[in-house]
Every structure is written in C-alpha cells, then in structure tokens.
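The values are calculated or read from the model by the stated rules, or taken from the named source; none is laboratory data. From a predicted model like this one, the values you see are computed outputs, not experimental measurements. Virtual Cβ from ideal backbone geometry, glycine too; neighbours counted across all protein chains shown.
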Amino acid sequence: MTLADTSGNDVVDMLTADHRDMLDLLRQVERTEDLDERREIADTVIAEVMRHSVAEEMIVYPSIEEHVPGGKDEVEHDKEEHEELVRVMKELEDLDVTEGAFLEKVIEFEQLLDHHARDEEDEQFPKLREHIPQDQLIDMGKRVVSAKRVAPTRPHPNAPHSELFHKSVGPGIGMVDRLRDKLTGRES
C-alpha cells in the first residue's frame with residue numbers, strides 16, 4: 001500500500017496530494033474494524049509521512065529558506081512540527097493495535113498532520129509559487145521523488161531534522177529501515 005505516483009507534478013502539487021492521501025489513510029485506520037488492516041494502514045502512513053518529511057527537509061525547506069522572505073523562521077516552525085509528528089509516530093509504532101490508546105494516538109497523529117498540512121498549503125506553498133519559477137518547482141518535485149526512495153520509513157526521534165543529516169546519514173538509515181520492514185513483513 002503506497003501513495004499515488006505524483007512524479008509528473010511540481011513539488012507543491014505533489015506535497016499537497018501527499019497530505020490528502022496520508023490524511024485519508026489515517027481516516028481509514030479509524031474506520032476499519034480489522035485489527036491487522038488497522039496496523040498495516042497505520043504502518044503505511046508512518047512510512048509515508050517519514051518519507052515525505054525527510055524529502056521536505058532535504059529539498060523544500062532549503063528552498064524556502066533561500067527564496068521566501070522570513071523562510072528561515074517558517075522552516076524552524078515546520079521542523080518543530082516534524083519533531084512532534086515523529087514523537088507521535090514512534091508512540092503509535094510502539095502501541096499494540098488492540099490497546100484503546102492506539103486509536104487515540106491515531107486521532108492525535110491525524111490532528112497534528114492536518115494542522116501541519118494546512119500551515120504548509122495555506123502559507124508556504126503559495127509563497128513557493130510566488131518566489132520560485134515553475135520549472136524549478138517541477139525540478140524540486142523530481143528531487144523529492146528521488147529523496148523519498150532512500151528516506152527512512154520509521155520514526156527516529158533522536159535524529160536531527162537537517163538537510164545535511166538526511167543527505168549524508170539518512171540513506172543508510174533508510175536502507176536499514178527498509179531491510180527491517182522486509183524482515184518483519186511490514187509494508188513500506
């Protein structure tokens with residue numbers, strides 16, 4: 001179970017589609033009664049949010065800092081929200097699906113993700129379109145697709161949210177995560 005291929009779109013379209021798909025999957029977790037399916041969908045969302053977040057931190061946030069007035073402050077706020085998402089994803093990952101706290105954590109995850117997505121879509125994405133030419137937004141979209149292929153699929157609460165970390169250490173962590181996913185039967 002993975003998100004739709006949006007590789008032909010610019011980065012804004014791609015990330016917006018990711019937001020919608022990830023939030024839809026979280027709602028599916030809440031609706032399904034099948035516990036195995038609930039766990040599988042939750043793990044899929046965790047993997048997708050991790051890929052998405054790492055790609056943003058590697059590709060999008062440096063462009064926001066460079067091209068958008070006040071971008072550094074916006075990126076710092078986004079990274080704080082990513083830290084909170086990672087914390088909640090780690091807690092969710094560690095919960096047994098039969099525990100009542102599992103669905104409560106899914107709802108918290110959904111609320112945090114929805115808030116983060118609205119911040120980006122309402123505030124930052126219009127600024128990206130205003131300050132970065134369309135051809136560069138398309139190129140950024142292609143680079144986001146590449147970054148997502150090597151990004152970690154599991155939350156790592158102690159990992160820094162920096163472009164340098166994700167470019168130097170992230171691919172190795174991502175490889176270990178994907179190996180771990182394969183060995184445990186987790187779909188990533």
How many residues, within region 104-137, are part of a helix (DSSP H, G or I), of a type outside the set (Asp, Glu) and surrounded by fewer than 16 Cβ atoms within 10 Å (Cβ to Cβ)? 9
Among the residues that make up region 68-89, is at least one of them in contact with a Pro (Cβ under 8 Å, 6 or more places away or on another chain), in contact (Cβ under 8 Å) with a residue 40 or more places away in the chain and either within 22 Å of residue 10 (Cβ to Cβ) or aromatic (Phe, Trp, Tyr) (or both)? no
Take the conditions touching a helix residue (DSSP H, G or I) at 6+ places or on another chain (Cβ under 7 Å) and at pLDDT 95 or above and apply them to residue 121. Does it pass? yes
Within region 91-103, considering residues that are assigned to a helix (DSSP H, G or I) and at pLDDT 95 or above, the one surrounded by the most Cβ atoms within 10 Å (Cβ to Cβ): 92
Check on residue 149, basic (Lys, Arg) and modelled with pLDDT under 95: yes
Do we find a residue being more than 14 Å from residue 148 (Cα to Cα) and either in a helix (DSSP H, G or I) or in contact with a Cys (Cβ under 6 Å, 6 or more places away or on another chain) (or both) anywhere in region 43-54? yes
From the residues in region 68-80 that are surrounded by 19 or more Cβ atoms within 10 Å (Cβ to Cβ) and charged (D, E, K, R), which one is nearest to residue 42 (Cα to Cα)? 78
Give the residues of region 60-90 that are part of a loop (DSSP other than H, G, I, E, B) and not β-branched (Val, Ile, Thr), sorted by residue number. 69, 70
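Residue-by-condition table, conditions (1) at pLDDT below 95; (2) part of a helix (DSSP H, G or I); (3) touching a helix residue (DSSP H, G or I) at 6+ places or on another chain (Cβ under 7 Å):
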position: 3; (1), (2), (3): yes, no, yes
position: 17; (1), (2), (3): no, yes, no
position: 20; (1), (2), (3): no, yes, no
position: 36; (1), (2), (3): yes, yes, no
Let me spell it out: the conditions are (1) surrounded by fewer than 17 Cβ atoms within 10 Å (Cβ to Cβ); (2) farther than 30 Å from residue 131 by Cα, and residue 65 meets all of them except one. Which number is the exception? (2)
